[in-house]
Amino acid sequence: MSGNGATYDVVVVGGGSNGLVAAARLGQAGLRVLVLEREETLGGQGRVLEFAPGFRAAALRMDAGWAPEPIVRALRMDGLERAEHPGLSVQAEPGAFLTIPADPRAAAEAIARHSPADAKKWPEFTALLRRLSGFLEALYLAPAPDIGASSAGELLPLLDLGRRFRALGRTDMVEFLRALPLSVWEMMDDRFAWAPLKAAVAAGGIQHHQQGPRSGGTGYVLLHHLVGAPEGAVRGRAPWRAGPEAFTLAAERAARRNRVTIRTGAALARIEVKDDAVRGVTLAGGEEIPVRAVLSTANPARTILDHVDPVWLDPEFLHELENVRHRGCAAYVLYALESLPEIPGIASAEALQGVVSLTPDIVSLERAADAAKYGTVSENPHVEFTVPSLRWPGLAPAGKHVLVAKAQYAPYRLRDAAPWHDALRDSLADRVTAAIAAVSPCFQSRIVACVALSPRDLEERFHLREGATSHGELGLDQILFMRPVAGWGGHKTPIGGLYWGGSGTHPGPGVLGGGGWLAAKRILRDLKRT
């Protein structure tokens with residue numbers, strides 16, 4: 001790939017996990033690659049922010065995400081050891097919490113103190129989750145299935161997928177097909193009786209999803225966020241031992257080792273197109289960079305709608321991109337604490353390294369979601385929090401701590417197109433503070449500083465359309481070959497030489513480097529053909 005006086009073969013837009021992995025793979029293949037990152041630091045959604053003097057947090061990385069082993073191994077990414085999974089705690093009643101370890105036997109023993117019948121079912125339930133999410137892992141490591149495939153080469157991935165599906169066995173095949181459209185409410189009612197246990201698991205099916213636990217498809221959301229999690233875990237993946245930036249640093253090292261050029265503080269203004277093909281990019285300062293291919297790991301809709309002249313695109317395609325559901329519905333509150341707060345009912349501070357959920361029943365989860373249906377912020381939002389400085393003391397000054405809380409539901413789109421103003425954001429932060437103070441009476445007295453991030457703030461600080469960290473909600477109509485839009489799930493756009501490979505493409509959010517890896521493979525495959 002050369003010509004047009006291009007210094008680089010491929011420009012990769014975005015220095016997050018997908019962008020760095022894609023660049024490393026393309027550089028490994030011998031291409032000249034330039035990464036453009038608009039911020040001064042790399043990491044994308046995983047970057048660490050200093051929100052108060054001496055206090056830092058990876059605000060959007062309460063879950064470390066899944067780093068597929070084939071990608072880590074192929075790029076020789078070092079420094080990616082996992083710590084022990086911290087488990088999940090849920091408020092059972094005032095002054096009492098249930099901490100669910102990732103070890104199934106230990107979790108069953110903890111559950112048995114409250115519900116012996118549920119405890120007996122727990123090991124098999126978590127084993128089923130592992131098997132079903134394990135099939136998703138296999139699905140996510142391959143290009144999205146192309147239902148329009150006709151040639152033998154195009155059909156081989158579908159045949160391999162079919163073999164893997166049959167390997168689940170008849171029972172698990174039925175369970176998988178049933179789980180995808182199921183609501184987590186029904187999934188929990190089918191198996192368990194004790195309300196706090198059901199709420200603890202069900203909350204995993206509404207992450208960054210504007211609908212509540214009664215909604216169909218939340219069973220799929222639960223499984224999606226468990227890919228790469230160890231058997232027994234029901235919320236997220238184990239953290240990195242080296243710190244919240246471990247994956248970013250490992251991917252950056254891999255990219256630089258493969259001679260990738262990385263520029264920070266370089267915002268994209270336009271993708272230059274001529275005769276239906278990419279010819280270069282123009283930066284915000286006016287600098288023009290000729291190039292034959294561009295891989296954007298930014299939001300697919302923003303990539304096209306904000307940076308490509310619409311004259312080169314079909315109006316129907318543009319309309320489909322405009323209609324991608326984003327619906328950011330989560331807000332974050334970052335706390336700088338003078339000291340670690342005591343929480344009656346949580347016996348060990350180690351539990352605070354994991355997720356602590358303050359919603360004890362599914363009915364309350366659904367009520368919190370009801371407000372978002374009508375464009376209002378929940379009066380009693382679902383609040384979860386973690387204390388990352390317990391694991392990584394360097395995030396705070398000596399003896400002090402950082403607490404990161406997430407609140408749902410706080411919809412980006414408010415009723416009557418009302419704006420997200422400071423008073424509304426501060427009111428939501430007060431509700432989150434009150435929710436935590438209700439289980440930790442000393443909490444407010446320990447607060448040194450507090451910074452709230454509404455969906456509007458997430459859009460502005462992290463360039464997330466509608467504040468959606470998913471780059472597109474995980475509905476069943478927005479996954480696989482339909483992500484970001486039907487017919488364009490293969491990481492290639494209608495513009496020749498323009499590709500997309502961020503979280504808004506297959507396999508979606510939380511799969512670190514997944515979209516970038518598959519997009520890079522698509523570029524290399526196209527180059528081989530030409």
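The values are calculated or read from the model by the stated rules, or taken from the named source; none is laboratory data. Computed from a predicted structure; not experimentally measured. Neighbour counts run over all protein chains shown; Cβ positions are idealised from the backbone, glycine included. Note: accessible area is taken over every heavy atom of the protein model, side chains too, but ligands, DNA and RNA are not part of it. Shrake-Rupley method; radii C 1.70, N 1.55, O 1.52, S 1.80 Å.
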If you project the alpha carbons of the range 279-361 onto their three principal axes, what span does each projection cover, largest first, in Å?
-> 61, 33, 18
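By how many nm would the segment from S339 to E124 lengthen if fully extended, with 0.36 nm per residue of separation less the alpha-carbon distance?
Residue separation times 0.36 nm, minus the Cα-Cα distance, leaves 73.4 nm.
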When the charge dipole of the chain is computed with +1 on Lys and Arg Cβ and -1 on Asp and Glu Cβ about the Cα centre, the Cα farthest towards its positive end, among A233, G27, L352, belongs to G27
Find the centroid of the Cα atoms in the range 456-530 and in the range 169-219, then give the distance between the two in whole Å.
-> 26
Average accessible surface area per residue within the range 443-530, 1.4 Å rolling probe, Å² | 33
Solvent-accessible surface (1.4 angstrom probe) belonging to D416, in square angstrom, nearest 10 = 140
Of K373/K406; K274/K492; K198/K400; K406/K492, which pairs sit farther than 26 Å apart, going by alpha carbon to alpha carbon?
-> K198/K400; K406/K492
Karplus couplings for the range 375-383 from phi (6.51 cos²θ - 1.76 cosθ + 1.60, θ = phi - 60°), rounded to Hz, Gly and Pro as x?
-> x, 10, 7, 4, 5, 10, x, 6, 10
Amide H neighbours of V281 under 5 Å, at least 5 residues apart or on other chains, H built in the peptide plane: list them.
-> E272, I289, V291
Let me know the charge dipole size of the chain about its Cα centre in debye, to the nearest 20, where only the beta-carbon of Lys, Arg (+1) and Asp, Glu (-1) is charged.
-> 1340
In degrees, nearest 10, the alpha-carbon axis of helix 17-28 is tilted away from the dominant principal axis of the alpha carbons of the chain by 40
With unit charges on the beta carbon (Lys/Arg positive, Asp/Glu negative), name the residue among V221, P86, G285 whose Cα is farthest towards the positive pole of the charge dipole of the chain.
-> P86
Cα gyration tensor of the range 226-337 - equivalent ellipsoid semi-axes, whole Å, descending | 33, 23, 15
When the helices in the chain are scored as -39500 (n - 2.57) per DSSP H run of 4 or longer and the sum is shared across all residues, what 222 nm value do you end up with, to the nearest 500 deg cm²/dmol?
-> -10500 deg cm²/dmol
Sorting W392, L518, V404 by the position of each Cα along the dipole of the chain (Lys, Arg +1; Asp, Glu -1; all at Cβ), the one nearest the positive end of that ordering is L518
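Dipole of the range 71-215, Cα-centred, from +1 at each Lys and Arg C-beta and -1 at each Asp and Glu C-beta, to the nearest 20 debye?
Values: 17 positive and 17 negative charges, 52 e Å.
Using only the charged Cβ atoms, the result is roughly 260 debye.
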Calculate the dipole size of the range 380-530 relative to its Cα centre from +1 charges on Lys and Arg beta carbons and -1 charges on Asp and Glu beta carbons; express the result in debye to the nearest 20.
-> 700
Charge sum, other residues only, whose C-beta stays under 14 Å from L88's C-beta, Lys/Arg counted +1 and Asp/Glu -1 = -1
Ranking W500, W517, W488 from most to least accessible area with a 1.4 Å probe gives W488, W517, W500
